[in-house]
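Here's the structure we're looking at; comments come further down.
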Amino acid sequence: MALQSNLLNFAYMLTSNRDDAYDLLQDTTLKALDNEDKYHTNTNFKGWVFTIMRNIFINGCRRSAHVAAPTEAGDNLFNLNLPQDSGFDAPEGAVTISEINDAIATLPPEYREPFAMHIAGYKYEEIADKMGVPLGTIKSRIFFARKKLQRLFADYR
């Protein structure tokens, strides 16, 4: 409990928001109390608690990055997540799903298949196992497929 003010300062430095800092402090305190049996007596307690806080913060950032954007029912969803200053004043200025699918279809099969599996939600390891190809090769192929698609749609930016 003596570290609460130090932890709050660190939480505020991480979050830059007072309410989020208090939430992070509370989560850290609860996690430290729940896992006090995992603390080894000859280790730095302050470092242990600060590491817990940092890990909770990082996991929260990762989790929020994976949260899907809300969608609305309708046919014209391709501009839904564009920022207001994107330069697209009308839907005609955006890439359609069929154009994206056509571009993906132009990729060679060794790039198209792992890329399609990746955007379908498969993890790199699952793709590598299913295709019988090393993990690094799968990552490279997906990277090169992305780069090719970025070049194809560079004029839409």
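When only residues in the stretch 1-15 that are modelled with pLDDT of 85 or more and of a type in the set (A, V, I, L, M) count, which is surrounded by the most Cβ atoms within 10 Å (Cβ to Cβ)? Filtering first and then ranking leaves 11.
Let's see how each residue does on (1) hydrophobic (A, V, I, L, M, F, W, C); (2) at pLDDT 85 or above; (3) open to solvent by 50 Å² or more (accessible area, probe 1.4 Å); (4) in a helix (DSSP H, G or I):
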{"position": "19", "(1), (2), (3), (4)": "no, yes, yes, yes"}
{"position": "22", "(1), (2), (3), (4)": "no, yes, yes, yes"}
{"position": "42", "(1), (2), (3), (4)": "no, no, yes, no"}
{"position": "50", "(1), (2), (3), (4)": "yes, yes, no, yes"}
{"position": "62", "(1), (2), (3), (4)": "no, no, yes, yes"}
{"position": "77", "(1), (2), (3), (4)": "yes, no, yes, no"}
{"position": "86", "(1), (2), (3), (4)": "no, no, no, no"}
{"position": "101", "(1), (2), (3), (4)": "no, no, yes, yes"}
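Whenever a residue of the stretch 35-61 is in contact (Cβ under 8 Å) with a residue 24 or more places away in the chain and more than 19 Å from residue 4 (Cα to Cα), it has no partner that is open to solvent by 70 Å² or more (accessible area, probe 1.4 Å) and in a loop (DSSP other than H, G, I, E, B) lying with C-beta atoms less than 7 angstrom away and at least six residues away or across chains.
The values are calculated or read from the model by the stated rules, or taken from the named source; none is laboratory data. The structure displayed is predicted, hence computed values, not measured ones. Reconstructed Cβ throughout: ideal geometry from the backbone, glycine too, with neighbour counts over all protein chains shown. Ligands, DNA and RNA are stripped out before the accessible areas are found, and what is left, the full protein with its side chains, is counted by its heavy atoms. Shrake-Rupley method; radii C 1.70, N 1.55, O 1.52, S 1.80 Å.
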